[in-house]
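Peer 1: One structure, pasted below without further comment.
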DNA sequence: ACCTGAACACCGTTCAAGT
DNA sequence: ACCTGAACACCGTTCAAGT
């Protein structure tokens with residue numbers, strides 16, 4: 001089968017999803033694709049560029065469009081949820097997406113949509129830009145949490161009964177100890193919606209705007 | 001000089017800051033420390049564990065305490081800013097801190113402090129946990145943006161005049177095009193404070209609480 | 001307990017050679 | 001234009017040997 005940039009990028013994304021980023025090597029990828037290692041370099045200039053390609057490919061698979069008849073609050077919410085889809089659809093690729101600077105247009109698309117929504121709701125340019133940045137920061141941070149790299153109490157242990165506790169010194173961590181039950185609950189949907197709601201309402205409070 | 005876990009971790013952090021994560025190898029580190037490669041393994045079980053150590057070391061260098069006489073809003077702000085200090089003090093290590101699950105107590109300390117502040121302000125346990133998670137998500141996302149991995153318009157190019165524009169198709173990106181000026185401004189302080197303020201005010205609105 | 005060199009099984013990428 | 005193998009300069013880590 002023909003070797004293609006797209007085929008290579010796609011194979012890389014699948015390999016990451018299957019075995020993690022550390023499993024990705026040009027040699028391994030070539031073997032998976034049934035070609036010589038150096039053949040890859042006819043379509044991709046370097047491994048770094050390949051990973052950029054994976055990030056872009058995943059971003060471009062998200063649909064950021066939203067119902068233009070909905071309230072701007074609901075549109076922003078829909079866009080945020082679309083973004084978060086990345087963590088659900090490509091959990092192990094999320095870190096790749098989020099850890100490399102987006103050089104492509106695909107990375108700017110969610111921002112374009114969000115800006116359009118906010119401007120359409122009557123927000124000024126600077127305000128819209130600032131609000132979008134706050135949303136993006138929150139969403140990106142949420143992705144990282146969901147993917148499991150943000151400080152948490154529940155330690156993933158293969159052998160231990162699900163949701164075992166990190167050993168905590170109650171003297172040093174009185175709050176974490178007394179709130180252990182709440183901290184162990186990991187409902188990413190609810191967590192995400194909670195924070196998203198905070199931001200949406202705070203942005204709505206910035207100024208009295210009427211539906212356009 | 002004696003080889004020590006702390007000395008190794010510290011050297012790794014400095015090397016990351018100087019030349020980036022990709023420059024870190026056990027061999028390079030050993031050379032920097034004037035020892036044989038394998039000597040490192042007497043103090044650190046693996047490279048991955050070493051990077052965990054770097055993350056922990058950086059987290060433990062942040063002072064999350066806040067003036068207990070200040071309003072809870074100001075305390076939360078102070079804690080958030082302390083967290084953000086990481087991006088200023090160790091920009092190139094930030095990704096390391098933020099990309100690996102915190103297994104140590106040092107990673108839980110900021111959460112402990114934030115929980116104490118919110119509970120002291122009268123928030124319920126579950127509410128406090130949710131709010132803290134929203135804050136952490138926002139802060140972590142902000143760190144990533146500040147360190148330069150979040151979609152942005154300003155493309156860092158060594159040769160181009162500072163702040164050159166990504167080539168944008170005005171038809172596809174009307175908002176980004178018309179807001180190019182605003183999007184190019186990169187005032188991380190202002191951006192961070194703007195979003196932090198949104199969250200603080202939204203959390204304050206969750207329920208009428210009086211100072212404790 | 002700590003250090004070490006040799007060795008193993010890998011890397012990404014350059015280059016020169018092929019079609 | 002695309003493919004390729006050999007070669008180069010690296011990796012992390014195991015192991016057996018030293019002190």
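Rule-based calculations on the coordinates, nothing more; no lab input. Since we're looking at a predicted model, the values are computed, not measured. Positions of Cβ are backbone-derived with ideal geometry, glycine not excepted, and every protein chain shown enters the neighbour counts.
Peer 1: Using a Förster radius of 35 Å, what is the FRET efficiency between residue A:207 and residue B:184 based on their Cβ-Cβ separation? Nearest 0.05, please. Let's see the in-between values first.
Peer 2: Details: r = 24 Å, r/R0 = 0.69.
Given R0 = 35 Å and the Cβ-Cβ separation, E is 0.90.
Peer 1: I'd like the mean, over residues of B:123-136, of how many other protein chain beta carbons sit within 10 Å of each residue's own Cβ. Intermediate values should be presented prior to the final figure.
Peer 2: Working: counts 0, 1, 6, 5, 2, 3, 11, 9, 3, 3, 14, 11, 4, 8.
Mean shielding count: 6.
Peer 1: Starting from the Cα-Cα distance between residue B:28 and residue B:89, subtract it from 0.36 nm times their residue separation and give me the gain in nm to one decimal. Don't skip to the answer; put the middle values down first.
Peer 2: Working: separation 61, 0.36 × 61 = 21.96 nm, distance 2.33 nm.
Working it through step by step, the gained length comes to 19.6 nm.
Peer 1: How do A:135, A:64, A:173 rank when sorted from fewest to most other Cβ atoms within 10 Å of their own Cβ?
Peer 2: On the way: A:135 27, A:64 18, A:173 21.
Fewest-to-most Cβ neighbours within 10 Å comes out as A:64, A:173, A:135.
Peer 1: Give me the one-decimal nm value for the distance between modelled label points at residue A:81 and residue B:43, 7 Å along each residue's Cα-to-Cβ direction.
Peer 2: Between residue A:81 and residue B:43, the label points sit 5.2 nm apart.
Peer 1: Just how many % of Cα pairs in the protein assembly as shown lie over 34 Å apart, if you round to the nearest whole percent? Could you put the intermediate results ahead of the total?
Peer 2: Values: 30956 of 89676 pairs.
Of the Cα pairs, 35 percent sit more than 34 Å apart.
Peer 1: Over all directions, how big on average is the projection of the convex hull of the alpha-carbon atoms in chain B, in square nanometres? List each step's numbers first, then the result.
Peer 2: Numbers: hull surface 62.3 nm².
It is 15.6 nm².
Peer 1: What Kirkwood radius, in Å to one decimal, follows from the Cα pairs of segment A:13-54? Spell out each step's value before the answer.
Peer 2: Details: mean 1/r = 0.0962 Å⁻¹.
For segment A:13-54, the Kirkwood estimate is 10.4 Å.
Peer 1: Now a separate question. State whether segment B:70-132 is rounded, prolate or oblate according to the following rule on the C-alpha gyration tensor (a ≥ b ≥ c being the square roots of its eigenvalues): a/c under 1.5 gives rounded; otherwise a/b larger than b/c gives prolate, and the remaining case gives oblate. Each step should come with its number before you reach the end.
Peer 2: Working: a/c = 3.01, a/b = 1.66, b/c = 1.82.
Cα axes put segment B:70-132 in the oblate bin.
Peer 1: For segment B:18-106, max minus min Cα coordinate along each principal axis, in Å, sorted largest first?
Peer 2: 53, 24, 21
Peer 1: For every helix of n ≥ 4 consecutive DSSP H residues, a contribution of -39,500 (n - 2.57) applies; sum these over chain B, divide by its total residues, and give [θ] at 222 nm rounded to the nearest 500 deg cm²/dmol. List each step's numbers first, then the result.
Peer 2: Values: 10 runs with 126 residues, N = 212.
Per the formula, -18500 deg cm²/dmol.
Peer 1: Distances from residue A:6 to the same residue in each other copy, label points 7 Å out along Cα→Cβ, in nm, shortest first?
Peer 2: 5.7
Peer 1: Summarise the partner chain shielding of B:182-191 as one whole number: the mean count of Cβ atoms from other chains within 10 Å of each residue's Cβ. Provide the component values of the computation, followed by the final result.
Peer 2: On the way: counts 8, 7, 1, 3, 1, 1, 1, 0, 2, 5.
Other-chain Cβ atoms within 10 Å of each residue's Cβ, averaged: 3.
Peer 1: Placing the label point 7 Å from Cα along the Cα-to-Cβ direction, what are the distances from residue A:23 to the equivalent spots in the other copies, shortest first, in nm to one decimal?
Peer 2: 3.3
Peer 1: Per-residue mean of other chain beta-carbon atoms within 10 angstrom of the beta-carbon, peptide A:195-206?
Peer 2: On the way: counts 11, 2, 2, 13, 6, 2, 5, 10, 3, 1, 4, 4.
The mean count of partner-chain Cβ atoms within 10 Å per residue comes to 5.
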